[in-house]
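See below for the structure under consideration.
The values are calculated or read from the model by the stated rules, or taken from the named source; none is laboratory data. What you are looking at is a predicted structure, and each value in this text was computed from that prediction instead of being measured. For neighbour counting, all protein chains shown are included, and Cβ atoms are generated from backbone atoms with ideal geometry for every residue, glycine included.
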Amino acid sequence: MEPFDYVIVGAGPAGCVLANRLTEDPAVRVALVEAGPDRNARKAIVRIPLAMVTFMAPALAFLGGPKFMSWFETEPEPGLQGRSIALPRGKGTGGSSNVNGQIFMRGQREDFDGWRDGGCPGWGFDDLLPYFRKLERFELLAEPRSGNHIRFGKRPLSEQIDAAFHGTDGPLNIAPLRSVNPMAHAYLEAAQLAGHELNPDFNGASQNGVGLYTFTQKNGQRVTAEGAYLDPVRHRSNLTIIPDTQVTKVRFEGQTATGVAWKRGGETGTIAARETILATGAFVSPQLLMLSGVGKARELARHGIPLVRDLPGVGENLQDHLDVTLEYRAKSTAPYGISWRALPRNVLHVLDWIIRKRGLFSSTTGEGGGFISTDPKSDRPDIQLFFCTGRANTQAASGFTGHGFLMHICQLRPGSIGRVALKSADPDERPSILYNFFRGESTMDTLRAGIRLARKIMAQKPFAPHLDAEVDPGPEVESDGALDAFIRQSVGTLFHPVGTCAMGQGPEAVVDPQTLRVHGVNGLRVVDASIMPTIVSANTVAATYCLAEKGADLIKQERTARQRAA
């Protein structure tokens, strides 16, 4: 059989974008290989936004969530007194967009300009804005009436959006909440009383302030990478989707990649391709490179893996967002929850979902947001707030019964640098992951300040009718030492790993920013969140979609130039 032009490994957001864009040319043959199941976008547990709280709850495994999950775990973290952190990733076509919180947040101009100035020309904010606009259908501009139900200041929300920052005809629908819990409005009022300005659009000219998040949803239902990018083109004859198939290594002839080896159940085989593109994320992409002989020579020799290219940066530079959660018990039933008092309303929520795709089931509960600086010398936000209108929490849920709310405090640029390494040459064995939290330049100062800032918001008058008590960590946890102990005991990540195949030109760089080719080998590229040289100051999926759109353009431009030269 004639080799494919491209074999894409991984059908998460980046892989789905690449499959769509590269097959726009009918002369290009593409194979998309995914370790998990296919055709997930219309399954109820995926499309119902609220169902995302069930994916990591063992008691709700009977709903089918585990088959969409792939679990990793850190090594015992020295900075957390030896505690390990569970690290879930999505599995199946759609990848983590099947299971995430659906918040669509780009990051700060400084993030991307930092990429550009750090050795990645062409990756500044102004370079990437056309791709952010290309990928999105921003519903508040495409359908201004979709935001009429949201009270935001004194003007309709749709009138406060700057069209220069958004697209209206892209494949990915970005929508406001279909139903806003009253607690989200209380949060916005309280935050203003605490001194924070309203921001109608965190993806506009400025990220600073408090507001309501926008989501990868349409008509109240989750929009996944599969639904947005893959389903509309899966009929193309030049696209072959190969699900439930684990790629075990990239095959090389000399220093040229010739395709991949795979296994499925008891079967094994190979796929020949002129180019191989890894899009398996910040844990698996470096693992596959190392299993294939691309990585730090000494480490590969330790596992008996023949060296193809000594590339010491593979698996290094691991970054993620740090997150702690304050939990509050409510004395009102305004927050979402299960109780006898709320039973009639919850029955109505079920009917509202069935009939109108609104209400509780159209929410992830993470409705209110904020980007705030804890540094009085800087107005660049270093923390992100997530105000959740219920107690269900993917990181550490106390339960679904009763009524309460949560405030997440996320440190946007923690400063910790970790690594991903092989435990063995067995592709079935999960890699060794170490974040090095609170070591090196990573301190607790920002999270500690963020907790105090969040508590100031919660102490404002709009919460008085609702707030009964802070139950975790509790009001007695107030001193620096007590807060540090709480952080060390409870901190987790927001499941935003990046950086382990970083693009750049230095000795630790893995990928060429001009082509996304792996340095020193032929026919191999990486296009996923692992190529980010530094983490963005927001949820990472939006930037992943964007870099894949730009990556697809770079690949297509290179192919066109090659054809013209021939």
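Counting residues that are in contact with an Asp or Glu (Cβ under 8 Å, 6 or more places away or on another chain), which strands (runs of 3 or more DSSP E) fully inside segment 1-73 reach at least 3? Before the answer, list the steps.
Values: elements: 4-9, 30-33, 69-73.
Counting at least 3 such residues, we get 4-9.
Which of the residues belonging to segment 311-346 are in a strand (DSSP E or B) and among the acidic types (Asp, Glu)? Lay out the reasoning, then the answer.
Of segment 311-346, the ones in a strand (DSSP E or B) are 316-319, 322-330, 337-338.
Residues satisfying the conditions are Glu316, Asp323, Glu327.
Here is a list of conditions, (1) buried (at least 17 other Cβ atoms within 10 Å of the Cβ); (2) within 16 Å of Ala11 (Cβ to Cβ); (3) out of contact with any strand residue (DSSP E or B) (no Cβ under 6 Å at 6 or more places or on another chain), and Ile241 meets all of them except one; can you say which number that is?
Evaluating Ile241 over (1) buried (at least 17 other Cβ atoms within 10 Å of the Cβ); (2) within 16 Å of Ala11 (Cβ to Cβ); (3) out of contact with any strand residue (DSSP E or B) (no Cβ under 6 Å at 6 or more places or on another chain) leaves (3) as the failure.
Looking at segment 539-566, which of the residues that are modelled with pLDDT of 95 or more and β-branched (Val, Ile, Thr) is farthest from Phe386 (Cα to Cα)?
So the residue we want is Ile555.
So, Leu300, is that one within 31 Å of the chain's Cα centre (by Cα), at pLDDT 95 or above and not assigned by TED's automatic domain parsing to the domain that holds Asp428 or not? I'd like the intermediate steps shown before the answer.
Numbers: within 31 Å of the chain's Cα centre (by Cα): yes; at pLDDT 95 or above: yes; not assigned by TED's automatic domain parsing to the domain that holds Asp428: no.
In short, no.
For segment 347-361, what are the residues that are touching a residue at least 12 places away in the same chain (Cβ under 8 Å), within 18 Å of Pro335 (Cα to Cα) and in a helix (DSSP H, G or I)?
In the first step, residues of segment 347-361 are kept if they are touching a residue at least 12 places away in the same chain (Cβ under 8 Å); the result is 349, 352-353, 356-361.
Next, from what is left, pick out any that are within 18 Å of Pro335 (Cα to Cα): 349, 352-353, 358-361.
Answer for segment 347-361, where residues must be touching a residue at least 12 places away in the same chain (Cβ under 8 Å), within 18 Å of Pro335 (Cα to Cα) and in a helix (DSSP H, G or I): His349, Asp352, Trp353, Leu360, Phe361.
Going by what's in this entry, would Ser362 be described as touching a Pro at 6+ places or on another chain (Cβ under 7 Å), surrounded by 23 or more Cβ atoms within 10 Å (Cβ to Cβ) and on the phi < 0 side of the Ramachandran plot? Steps first, please.
Details: touching a Pro at 6+ places or on another chain (Cβ under 7 Å): yes; surrounded by 23 or more Cβ atoms within 10 Å (Cβ to Cβ): yes; on the phi < 0 side of the Ramachandran plot: yes.
Here the answer is yes, as Ser362 does meet what is asked.
Among the numbered criteria (1) hydrophobic (A, V, I, L, M, F, W, C); (2) in the same structural domain as Phe132 (by TED's automatic domain parsing); (3) surrounded by fewer than 19 Cβ atoms within 10 Å (Cβ to Cβ), which one does Ile535 miss?
Ile535 satisfies all of (1) hydrophobic (A, V, I, L, M, F, W, C); (2) in the same structural domain as Phe132 (by TED's automatic domain parsing); (3) surrounded by fewer than 19 Cβ atoms within 10 Å (Cβ to Cβ) except (3).
How do the helices (runs of 4 or more DSSP H) wholly within segment 89-148 filter down when requiring 1 or more residues that are touching a Phe, Trp or Tyr at 6+ places or on another chain (Cβ under 7 Å) and touching a residue at least 12 places away in the same chain (Cβ under 8 Å): which remain? Before you say what the answer is, go through the steps one by one.
On the way: elements: 109-117, 125-135, 139-142.
Qualifying helices (runs of 4 or more DSSP H): 109-117, 125-135.
If only one of Ala273, Ala257 is under 16 Å from Val30 (Cα atoms), among the small types (Gly, Ala, Ser), crowded, with 19+ Cβ neighbours inside 10 Å and out of contact with any Pro (no Cβ under 6 Å at 6 or more places or on another chain), which one is it? Before you say what the answer is, go through the steps one by one.
Details: Ala273 fails: out of contact with any Pro (no Cβ under 6 Å at 6 or more places or on another chain).
The match here is Ala257.
Quickly run through segment 190-207 and pick out the residues that are touching a residue at least 60 places away in the same chain (Cβ under 8 Å) and surrounded by fewer than 17 Cβ atoms within 10 Å (Cβ to Cβ).
Matches in segment 190-207: Leu193 only.
Considering only segment 416-437, how many residues are touching a Ser or Thr at 6+ places or on another chain (Cβ under 8 Å) and over 30 Å from Asp484 (Cα atoms)?
Residues in segment 416-437 being touching a Ser or Thr at 6+ places or on another chain (Cβ under 8 Å) and over 30 Å from Asp484 (Cα atoms): 3 in total.
If you take the residues of segment 408-424 that are among the aliphatic types (A, V, I, L, M) and closer than 14 Å to Lys296 by Cβ, which of them is surrounded by the most Cβ atoms within 10 Å (Cβ to Cβ)? Outline the logic, then answer.
If we filter segment 408-424 for residues that are among the aliphatic types (A, V, I, L, M), which is where we start, we get 409, 412, 417, 420-422.
Checking the rest, the ones that are also closer than 14 Å to Lys296 by Cβ come to 420-422.
Working: Val420: 27, Ala421: 22, Leu422: 22.
Checking each candidate, the answer is Val420.
Can you find even one residue in segment 212-219 that is of a type in the set (A, V, I, L, M) and under 21 Å from the mean Cα position of the chain (by Cα)?
Within segment 212-219, the first condition is being of a type in the set (A, V, I, L, M), and the residues that meet it are 212.
Narrowing further to those that are under 21 Å from the mean Cα position of the chain (by Cα): 212.
For segment 212-219, residues of a type in the set (A, V, I, L, M) and under 21 Å from the mean Cα position of the chain (by Cα): present.
Somewhere in segment 184-192, is a residue over 30 Å from Val17 (Cβ atoms) and either part of a loop (DSSP other than H, G, I, E, B) or among the hydroxyl-bearing types (Ser, Thr, Tyr) (or both)? Break it down into steps so the answer makes sense when it comes.
Within segment 184-192, the subset over 30 Å from Val17 (Cβ atoms) is 184-192.
Now restrict to residues that are either part of a loop (DSSP other than H, G, I, E, B) or among the hydroxyl-bearing types (Ser, Thr, Tyr) (or both): 187.
The answer is yes, given that some residue of segment 184-192 is over 30 Å from Val17 (Cβ atoms) and either part of a loop (DSSP other than H, G, I, E, B) or among the hydroxyl-bearing types (Ser, Thr, Tyr) (or both).
Any idea which residue in segment 368-396 is nearest to Gly65 (Cα to Cα), counting only those that are at pLDDT below 95 and buried (at least 19 other Cβ atoms within 10 Å of the Cβ)?
That would be Thr394.
Which one is surrounded by the most Cβ atoms within 10 Å (Cβ to Cβ) among residues in segment 71-96 that are assigned by TED's automatic domain parsing to the domain that holds Tyr545 and among the hydroxyl-bearing types (Ser, Thr, Tyr)?
In this case the residue turns out to be Thr93.
So, in segment 61-93, how many residues would count as being hydroxyl-bearing (Ser, Thr, Tyr) and under 25 Å from Thr245 (Cβ atoms)? It would help to see each step written out before you state the result.
Quick first cut of segment 61-93, residues hydroxyl-bearing (Ser, Thr, Tyr) only: 70, 74, 84, 93.
Filter again for under 25 Å from Thr245 (Cβ atoms), leaving 70, 93.
Of the residues in segment 61-93, 2 are hydroxyl-bearing (Ser, Thr, Tyr) and under 25 Å from Thr245 (Cβ atoms).
Taking segment 211-238, which residues are surrounded by fewer than 20 Cβ atoms within 10 Å (Cβ to Cβ) and farther than 15 Å from Gly170 by Cα?
Of everything in segment 211-238, those that are surrounded by fewer than 20 Cβ atoms within 10 Å (Cβ to Cβ) and farther than 15 Å from Gly170 by Cα turn out to be Asn219, Arg234, His235, Arg236, Ser237, Asn238.
Checking the condition touching a Lys or Arg at 6+ places or on another chain (Cβ under 6 Å), in the same structural domain as Ala459 (by TED's automatic domain parsing) and over 17 Å from Asn539 (Cβ atoms), which residue from Ala190, Ala194 passes?
Details: Ala190 fails: touching a Lys or Arg at 6+ places or on another chain (Cβ under 6 Å).
It is Ala194.
Kindly indicate whether Asp310 is over 23 Å from the mean Cα position of the chain (by Cα), farther than 29 Å from Asp5 by Cα and among the acidic types (Asp, Glu). Before you say what the answer is, go through the steps one by one.
Numbers: over 23 Å from the mean Cα position of the chain (by Cα): yes; farther than 29 Å from Asp5 by Cα: no; among the acidic types (Asp, Glu): yes.
Against the criterion (over 23 Å from the mean Cα position of the chain (by Cα), farther than 29 Å from Asp5 by Cα and among the acidic types (Asp, Glu)), Asp310 does not qualify.
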